[in-house]
Amino acid sequence: MKTRTKTKIIDLRKALKSSVLRKAKKIVADYRITLERNDRLGFIGSSVEFPTVFADAKTPDRCYKATEEALMVAVATMIECGQRPPQPASSKKRTVQVNVRLTSEEKILLANAATNLGFKGISDFIRNTALSRILTSY
């Protein structure tokens, strides 16, 4: 006769201060959450800013919420321990410059593409296009 033991689920939010949870929730709200389909688990979610924290669920909506919750607990725990959690990728200040040599024709082509696609300028267009390509390749 098989007996099943119940796994006790602990709500880690109860162990954290509500003010810390509010701060963590605000930080996590700007994280970029990614979902992947998984044959066994349904969906697996993680974030660009904190890839070591992840969650899974059968539906995309539940996976998103579970991932958001896991991130919130991880960020709140870091705050309570006096550590700085990863800041949202969108809030990073750009301080490093890269120079790219182009022909006159390439510059005109890039400037036209940037304008037609609604970018502020060539730099924004190149950065966005290159990073999008990299992020979709992995």
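Using beta carbons and a limit of 7 Å, which pairs, at least six apart or on different chains, have the first residue in the stretch 85-97 and surrounded by 13 or more Cβ atoms within 10 Å (Cβ to Cβ) and the second one assigned to a loop (DSSP other than H, G, I, E, B)?
Note: pairs meeting the criteria are Pro86/Glu49; Pro86/Phe50; Pro88/Asp30; Pro88/Tyr31; Pro88/Glu49; Ala89/Arg32; Ala89/Val48; Ala89/Glu49.
I'd like the residue in the stretch 113-134 that is farther than 24 Å from Thr95 by Cβ and surrounded by fewer than 11 Cβ atoms within 10 Å (Cβ to Cβ) and, out of all such residues, is modelled with the lowest pLDDT.
Step by step, filter the stretch 113-134, then rank; the result is Gly118.
If a residue must be surrounded by fewer than 17 Cβ atoms within 10 Å (Cβ to Cβ), among the hydroxyl-bearing types (Ser, Thr, Tyr) and within 14 Å of Leu41 (Cα to Cα), how many such residues does the stretch 61-80 contain?
The number of residues fulfilling the criteria is 0.
Among the residues of the stretch 53-94, which ones are closer than 23 Å to Ser132 by Cβ and not in a helix (DSSP H, G or I)?
Result: Phe54, Pro86, Gln87, Pro88, Lys92, Lys93, Arg94.
The values are calculated or read from the model by the stated rules, or taken from the named source; none is laboratory data. A quick note: this is a predicted structure, and the numbers were derived from the prediction, not measured. Note: ideal-geometry Cβ built from the backbone for every residue, glycine included; neighbour counts use all protein chains shown.
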